[in-house]
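The values are calculated or read from the model by the stated rules, or taken from the named source; none is laboratory data. Because the structure is a prediction, the values reported are computed rather than measured. With ideal geometry, Cβ positions are generated from the backbone for all residues, glycine too; neighbour counts draw on all protein chains shown.
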């Protein structure tokens with residue numbers, strides 16, 4: 001079967017990313033270094049303002065903002081997470097308008113989800129997060145990153161509203177089947193398994209993630225929550 005252009009480009013990007021060493025952004029996220037991420041966002045924000053029609057400038061700002069929102073969530077700072085996400089949303093929406101590909105939709109969907117801190121923001125951003133991530137999966141159905149984002153969305157949506165840990169676990173396993181060395185997929189699988197009271201399997205998944213990315217502080221923190229038996 002011949003792949004569509006958006007799918008083939010997305011897969012090539014994912015393969016190159018998997019083979020490349022961690023970026024400065026990823027290393028700052030792994031260390032939970034909010035100061036470094038904030039400095040980078042300030043630089044990227046200036047660059048994006050100077051080049052509003054440069055899709056790569058908008059994407060970089062959106063991605064950096066998503067990483068800062070992610071770290072803020074890990075450190076239970078909802079206010080910072082929402083503020084960072086809302087900065088990134090503006091850039092990601094521009095990126096999607098300029099280049100509506102799977103990666104831009106994925107980042108936009110993650111940012112919408114990260115902006116949810118209460119019922120009201122959930123009603124505003126929740127449906128938009130789902131639509132953007134569903135679009136990413138549609139455009140790149142063989143993308144581990146897209147299924148990972150889908151799983152994160154399901155993880156945070158209550159079972160009563162059509163989400164939950166079990167659906168998230170299926171998404172994370174799908175991401176791992178597509179990219180077995182994806183440390184983030186193993187991390188989130190462990191988090192979801194722990195939420196589903198499958199602690200032995202959760203420890204295995206988190207340990208696998210830590211072996212793939214030994215510098216990820218959040219993985220260590222999540223692993224420490226589950227006593228070894």
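This table checks each residue for (1) over 18 Å from residue 104 (Cβ atoms); (2) in contact with a strand residue (DSSP E or B) (Cβ under 8 Å, 6 or more places away or on another chain); (3) surrounded by fewer than 23 Cβ atoms within 10 Å (Cβ to Cβ).
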residue: 50; (1), (2), (3): yes, no, yes
residue: 60; (1), (2), (3): no, no, yes
residue: 65; (1), (2), (3): no, no, no
residue: 76; (1), (2), (3): yes, no, yes
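Does residue 147 count as in a helix (DSSP H, G or I) and surrounded by 24 or more Cβ atoms within 10 Å (Cβ to Cβ)?
Yes.
Restricting to region 56-84, name every residue that is within 16 Å of the chain's Cα centre (by Cα) and without any contact (Cβ under 8 Å) to a residue 40 or more places away in the chain.
60, 61, 64, 68, 72, 81, 82
Please verify whether residue 152 is buried (at least 20 other Cβ atoms within 10 Å of the Cβ), outside any loop (DSSP other than H, G, I, E, B) and touching a residue at least 40 places away in the same chain (Cβ under 8 Å), treating the condition exactly as stated.
In short, yes.
Only one of 18, 48 is more than 21 Å from residue 73 (Cα to Cα) and modelled with pLDDT under 95; which?
Answer to the check: 18.
What is the one condition in (1) touching a helix residue (DSSP H, G or I) at 6+ places or on another chain (Cβ under 6 Å); (2) exposed (fewer than 15 other Cβ atoms within 10 Å of the Cβ) that residue 23 does not satisfy?
(1)
Taking the conditions exactly as written (over 22 Å from residue 125 (Cβ atoms), touching a residue at least 24 places away in the same chain (Cβ under 8 Å) and assigned to a helix (DSSP H, G or I)), does residue 25 satisfy them or not?
When the stated conditions are applied, residue 25 passes them.
Out of all the residues in region 120-134, is one or more over 12 Å from the mean Cα position of the chain (by Cα), in contact (Cβ under 8 Å) with a residue 12 or more places away in the chain and outside any helix (DSSP H, G or I)?
No, every residue in region 120-134 fails to be over 12 Å from the mean Cα position of the chain (by Cα), in contact (Cβ under 8 Å) with a residue 12 or more places away in the chain and outside any helix (DSSP H, G or I).
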